[in-house]
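Beneath this line is the structure, given in structure tokens, with notes to follow.
The values are calculated or read from the model by the stated rules, or taken from the named source; none is laboratory data. As the structure is a computational prediction, the values presented were derived from the model and not from experiment. Don't worry about glycine lacking a Cβ; one is built from the backbone with ideal geometry, like all the others, and counts go over all protein chains shown. With ligands, DNA and RNA removed, areas are computed over all heavy atoms of the protein, side chains included. Shrake-Rupley method; radii C 1.70, N 1.55, O 1.52, S 1.80 Å.
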Amino acid sequence: MGDAFGNTLSLNDAVRLSGPTAFNMMLKPAGSLCNLNCKYCYYLDKAEIYGGREPVMSEQMLETVVREYIAANEVPEVTFNWHGGEPLLLGLDFYRKALEFERKYAGGKKINNTIQTNGVLVDRAWAEFFRENGFLVGISIDGPQEVHDRYRKDKGRLPTFERVMRGLECLQAAGVDFNTMSTINKASEGRGLETYRFLKSIGSRYMQFMPVVEHVKDGRIVDPSEEGARIAPWSISGIAFGRFLCDIFDEWVKRDVGRVFVGQFDAALACWCGVPPGICVFSDTCGGNAIVEHNGDLYPCDHFVYPKYRLGNIAETPIRELMASDAQVRFGIDKRNTLPSACRKCRWFFACHGECPKHRFNRTEKGETGLNALCEGYKLFYSHVAPYMDYMKKLLQQGLSPAGVMLKQ
């Protein structure tokens, strides 16, 4: 059963692989270079892969990335996701040049840009640039000052909350669209509702919550499979993460449906309705969200930037070819095919799909490997929200807004 399932290619897989090429790519032009030293950051140590250096993307490589990425996507709309490290360290001229290359190679396709920043470097000039060029900006902020400053410090170990808030104020003054990305760590435990209300108070209407579950060895964040790796002390427990989501949901479902959008809630409703969740961690398979490093190295996922997962370099092999490689296809379907049987039999499998493979290092009661470390938290969350999801699904089937669930309270 296990071996047969492990080699299964589903009908959906076949349709996806035989259809027009379409994928997202996260660009890391500054690699792991960052002006902060967040305790839980899984990317700072990636400089070790490149000899301890933190070089940035050359103009030649930037042009190659833009040209290749647009050409490889056989769809009318392509989105560039600029990430880091801290991508603003490259300066405005780098992104002006990127936009120049996007216009040059667009070929009639609509080009969008998003950028994820810690916000510390955002000023009026950056804000005006983002507004003028239609950038969607993701601001990394973990919650109220005490929560945020617990682990998000700069290189001098100084807190960053006040500087992030100044950057956010610049974005708001310029009318820039933004969302928030909050890591949920040990400091967040028991503070879900407080965090949610804080994010609403600063104007966030699109919230991403990313659980922190990392492994460390000798002071470094490492692959969980590495010998001697242990859970990092700043990681959140599965149950605590589940409660965090439940506490937020209880307020959201009474007051904010259709007004505030939370990634986990939107994905759950999508899965309840049998449509793609829009978030890779809750999808059946992986493989559609690659990352390209400063030197053109391509990896299948932001959380799997280790030498053993490197697909190749886009200066040597076209992006389209790397994304269609056996290694990338296998990485994608392994998300589903390596799940323990207990997961495939779980009543919440349709909504969870095992969540992200980077969290699958626990064992089931029967000793199977690959159980997600957040499993108990997701079971708590899905069982808690099920009645409301059922009702919102019925509303949608009737052609009504799911916001009608608020009238039922």
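Just the number: Rg to Rh for the range 282-366, Cα atoms, Kirkwood Rh, two decimals. If you can, show how the numbers build up before the last one.
Values: Rg = 14.5 Å, Rh = 13.9 Å.
That ratio equals 1.04.
Remind me, relative contact order of the chain in percent, using alpha carbon pairs under 8 angstrom and six or more residues apart?
16 percent
Can you give the relative contact order of the range 196-242 as a percent, counting alpha carbon pairs under 8 Å and 6+ residues apart? Display every interim value, and only then the final one.
Numbers: 38 pairs, mean separation 15.1, N = 47.
Computed over the range 196-242, the figure is 32 percent.
For the range 204-319, what percent of Cα pairs sit more than 20 Å apart?
Numbers: 4015 of 6670 pairs.
Within the range 204-319, distances greater than 20 Å cover 60 percent of Cα pairs.
Straight distance only, please: which lysines reach the Cα of LYS155 with their own Cα at less than 25 Å, same-chain residues fewer than 8 apart left out?
Qualifying lysines at Cα under 25 Å: LYS28, LYS39, LYS46, LYS186, LYS217.
How long are the semi-axes of the ellipsoid equivalent to the range 132-237, from square roots of 5 times the Cα gyration tensor eigenvalues, in whole Å, largest first? Please report the intermediate quantities before stating the final value.
Details: eigenvalues 161, 46, 38 Å².
That gives 28, 15, 14 Å for the three semi-axes.
Name the long-range amide H neighbours of ILE184: under 5 Å, sequence gap of 5 or more, or other chain; modelled H, no Pro or chain starts.
MET210, VAL212
May I ask you to give the percent of accessible area on the chain that is carbon plus sulfur, with a probe radius of 1.4 Å? Mind dumping the intermediate values first?
On the way: 9360 of 18450 Å².
The computed percentage sits at 51.
Run down the aspartates and glutamates and flag those whose C-alpha is under 13 Å from the C-alpha of LYS379, throwing out any fewer than 8 positions away in its chain.
Candidates past the 8-residue exclusion: GLU355.
With a 1.4 Å probe and all protein chains left in place, how much accessible area per residue does the range 234-310 have, in Å²?
It amounts to 34 Å² per residue over the range 234-310.
I'd like to check one number: the per residue accessible area of the range 370-409, probe 1.4 Å, reported in Å² as a whole number.
Working: 2070 Å² over 40 residues.
Here the residues of the range 370-409 average 52 Å² of exposed surface.
Tell me, in nm to one decimal, what length is gained between GLU63 and PHE129 on full extension, where the rule is 0.36 nm per residue of separation less the Cα-Cα distance? Please list the in-between numbers first.
Numbers: separation 66, 0.36 × 66 = 23.76 nm, distance 2.01 nm.
The GLU63-PHE129 span can extend by a further 21.7 nm.
Within the P(r) computed for the range 317-409, what percentage of the Cα pairs occupies the region above 22 Å? Kindly include the intermediate steps, with their values, before the conclusion.
Values: 2098 of 4278 pairs.
Result for the distance tail: 49 percent.
Within the set of other residues whose C-beta is less than 12 Å from the C-beta of GLY31, count the net charge using Lys and Arg as +1 and Asp and Glu as -1.
Working: positive: LYS28, LYS46, ARG53; negative: ASP45, GLU48, GLU54, GLU86, GLU293, ASP297.
Overall, the nearby charge balance is -3.
Equivalent ellipsoid semi-axes for the chain, as square roots of 5 times the alpha carbon gyration tensor eigenvalues: give them largest first, rounded to whole Å.
Values: eigenvalues 181, 147, 111 Å².
Sorted largest first and rounded, they come to 30, 27, 24 Å.
Excluding same-chain residues fewer than 8 positions from LYS109, which lysines have a Cα within less than 20 Å of its Cα?
In chain and number order, the partners are LYS97.
Could you identify which residue out of PRO87, PRO340, PRO29 has the top mean-square fluctuation in a GNM of the chain using Cα springs shorter than 10 Å?
Comparing PRO87, PRO340, PRO29 in a Gaussian network model of the chain, the most mobile one is PRO340.
I want the local charge near ILE314. Using Cβ-Cβ distances under 11 Å, sum +1 for each Lys or Arg and -1 for each Asp or Glu among the other residues. Show your work: numbers first, answer last.
Working: positive: ARG67, ARG320; negative: GLU68, GLU293, ASP297, GLU316, GLU321.
With Lys, Arg at +1 and Asp, Glu at -1, the net is -3.
Return the tail of the calculated pair distribution for the range 57-193, meaning the percent of Cα-Cα pairs more than 24 Å apart. Mind showing how you got there, number by number?
Numbers: 3513 of 9316 pairs.
Everything past 24 Å amounts to 38 percent.
I'd like to check one number: the per residue accessible area of the range 87-194, probe 1.4 Å, reported in Å² as a whole number.
Numbers: 4850 Å² over 108 residues.
Ligands and nucleic acids excluded, the result is 45 Å² per residue.
Could you work out the local net charge near LYS200, counting Lys and Arg as +1, Asp and Glu as -1, over the other residues with Cβ closer than 13 Å to its Cβ?
On the way: positive: ARG197, ARG205, ARG255, ARG259; negative: GLU194, GLU251, ASP256.
Summing Lys and Arg as +1 and Asp and Glu as -1 gives +1.
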